[in-house]
There are 2 protein chains.
Amino acid sequence: MKKTKNTKKQLLEATLTLISEKGYLRATTREIAQKAGVTELTLFRHFGSKERLFEELLNGYTFLPRLKELLPELEGLSYERSLEIIATRFLLTLKERKAMIKIMYSEVTIYPEKIRAIYNRFVDEMRGTMAGFFENMQKRGIMRRNSPEMAARVFLWILISYFRSEEIMRPGSMKKETMEMNVQEIIDIFMHGTLNKRSDLSYTGRTAHERL
Amino acid sequence: MKKTKNTKKQLLEATLTLISEKGYLRATTREIAQKAGVTELTLFRHFGSKERLFEELLNGYTFLPRLKELLPELEGLSYERSLEIIATRFLLTLKERKAMIKIMYSEVTIYPEKIRAIYNRFVDEMRGTMAGFFENMQKRGIMRRNSPEMAARVFLWILISYFRSEEIMRPGSMKKETMEMNVQEIIDIFMHGTLNKRSDLSYTGRTAHERL
DNA sequence: TGGCTATGTAAGTGCGCACTTACATTAAAA
DNA sequence: TTTTAATGTAAGTGCGCACTTACATAGCCA
């Protein structure tokens, strides 16, 4: 063989980048090949068609959320602090996977089943993990008796929307400090809720907003 | 003139539908014209190019959220009930605007400025209204002293993600009853928060989840 | 060394699509 | 009735793109 053995990998990477930037139809095979440093013909020799190239990208992609490994490290921390750490880690994962996330948002109409499958696999896993975490918090009497499933969904929804708002709909990338502040406020709301109750004051004293 | 005077309107409607279903590039001018009941040539005589057709669609679109008109009707209702009603109304608005929302999600990469402008106009207006509502609740001592802005953002984020999850990423459309139940659980979390506090029990007795 | 495999060069094919041109028709306004 | 504005019919143009074919070349292994 000549030169590199990882041609396929580089083609898949170029595909990921270009399709996330310009969408499936606007990302031409010529451009993808060029970005991968090979000829267009090589692309077709490896994947046969543009469609199969895209499918292989989708099939081979894994989000591997490292959330589960994170949970044991939270022992001893407060509920609030735990949520903050989980949220931060989750947002970083989203940021790392930004390219694929953009694809999932913009190409659902075209590849409904496959993209939904990936998306749901990812979200379901996250939700399962979080639901487990919440169940645990309930057993310890730390959390109210909400449905852990729904709590997990709401938790993830907030963060996904926040990510989308900051990273995709608003210009400029999330700054680390802004993010930390926002996460604090978000978690504050998620944890305490928004209703004024006397016990709040005795427990936390002030809201994240007041601390600013 | 011949027949209808509203050719432009019908073309714009067809454009909205088709682009939301298949994306900008896959929605052909031939198909759009056919759906509008006119010839392709008529389309070009009216709009000059496909791009300008799309631009006119974006420029002329208005979300007109009727949220503001809704607020006065909430006088006398509980905080929780008010939030439920607002959430339901907001979700219905999203459902009605589903086509444009799908376009905004899938074509941001291609028309960043214009789509972001529309999106932000919509979201900012909603957020402003909600922030006003929360400020009012704070003045009355009903709500904790969170940042009303952030509370509004979180509130809308949850609902938008919920909408997306049910209407776009999961097969099948939101059933009315399921939606009502989900909204109850969501609002329950948003309002009370997820922390177990003694005053919760004295105030509401049980969570939405326990009521099921 | 010789054969095999991965890649390259170059030229081309066919299709779909946005967009055009020339001419005809119809209904309403004048 | 004549004129005019909006639409239709029909044929076509040119471009970009996915994909192909034929032939050449460079490194690896037996």
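The values are calculated or read from the model by the stated rules, or taken from the named source; none is laboratory data. Please read these numbers as outputs of a predicted model, since none were measured by experiment. Here the Cβ positions follow ideal geometry from the backbone for every residue, glycine too, while neighbour counts run over all protein chains shown. Ligands, DNA and RNA are excluded from the accessible area calculation, which covers all protein heavy atoms including side chains. Shrake-Rupley method; radii C 1.70, N 1.55, O 1.52, S 1.80 Å.
Okay, here's what the table says:
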read-out: Value of relative contact order over region A:67-211, rounded to a whole percent, pairs C-alpha under 8 Å and six or more apart; value: 26
read-out: Nearest-20 debye value, region A:7-60 charge dipole, Cβ charges on Lys, Arg, Asp, Glu; value: 100
read-out: Derived scalar couplings ³J(HN,Hα) [region B:98-105; Karplus, 6.51 cos²θ - 1.76 cosθ + 1.60; whole Hz; x for Gly, Pro]; value: 3, 4, 5, 5, 4, 4, 5, 6
read-out: Only Lys, Arg (+1) and Asp, Glu (-1) charged, at Cβ; region A:55-107 dipole about Cα centre in debye; value: 160
read-out: Rounded accessible area of residue B:83 (nearest 10 Å², 1.4 Å probe); value: 0
read-out: ³J(HN,Hα), Karplus 6.51/-1.76/1.60, whole Hz, each residue of region A:138-153, x for Gly, Pro; value: 5, 4, 7, x, 7, 10, 5, 8, 7, 5, x, 4, 5, 4, 5, 4
read-out: Cα-centred dipole magnitude for the protein assembly as shown, charges only on beta-carbon of K, R (+1) and D, E (-1), debye, nearest 20; value: 1020
read-out: For region A:21-110, alpha-carbon Rg over 2.2 N^0.38 Å; value: 1.53
read-out: Region A:1-102: trypsin sites (Lys or Arg not before Pro) in DSSP loop, at most 14 other beta carbons within 10 Å; value: A:2, A:3, A:5, A:26, A:66
read-out: Chain A: proportion of alpha-carbon pairs further apart than 25 angstrom, %; value: 50
read-out: All-pairs alpha carbon distance profile, region A:7-60, 10 Å steps from 0, percent; value: 29, 65, 6
read-out: Partners for residue B:68 among aspartates and glutamates (Cα-Cα distance below 14 Å; same-chain residues under 8 apart left out); value: B:124, B:125
read-out: Net charge, residue A:121 excluded, C-beta distance under 14 Å - Lys, Arg +1, Asp, Glu -1; value: +2
read-out: Region A:1-132 - percent relative contact order, Cα under 8 Å, separation 6 or more; value: 26
read-out: Fluctuation leader among A:43, A:70, A:25 - chain A, Gaussian network, Cα springs under 10 angstrom; value: A:25
read-out: Cα long-axis angle, helix B:7-22 against chain B (0 to 90 degrees, to the nearest 10); value: 60
read-out: Computed helical MRE - 222 nm, the protein assembly as shown, DSSP H runs ≥ 4 contributing -39500 (n - 2.57), nearest 500; value: -21500 deg cm²/dmol
read-out: Where the Cα pairs of the protein assembly as shown fall when distances are cut into 20 Å bins, in %; value: 23, 52, 22, 2
read-out: Choice from B:115, B:142, B:187 showing the highest fluctuation, given a GNM over chain B with Cα pairs closer than 10 Å; value: B:142
read-out: Reachable aspartates and glutamates from residue B:98, criterion Cα separation under 17 angstrom, eight or more residues apart if same chain; value: A:107, B:13, B:21, B:107, B:166, B:167
read-out: Residue (of B:44, A:155, A:88) at the positive-pole extreme of the protein assembly as shown, dipole from beta-carbon charges; value: B:44
read-out: Average other protein chain Cβ within 10 Å of Cβ, residues A:145-156; value: 6
read-out: Listed pairs A:139/A:176; B:35/B:95; A:114/B:102 exceeding 25 Å between Cα atoms; value: A:139/A:176
read-out: Rounded to 10°, Cα long-axis angle of helix B:176-192 versus longest principal axis of chain B; value: 50
read-out: Region A:1-61 and region B:10-78: distance between their alpha carbon centers, rounded to Å; value: 34
read-out: Interchain or long-range residues, amide H under 5 Å from residue A:143's placed H; value: A:138, B:196
read-out: Distance (nanometres) between label positions extended 7 Å along Cα→Cβ at residue B:136 and residue B:52; value: 4.5
read-out: Portion, in percent, of the accessible area of chain B that falls on carbon or sulfur, probe 1.4 Å; value: 50
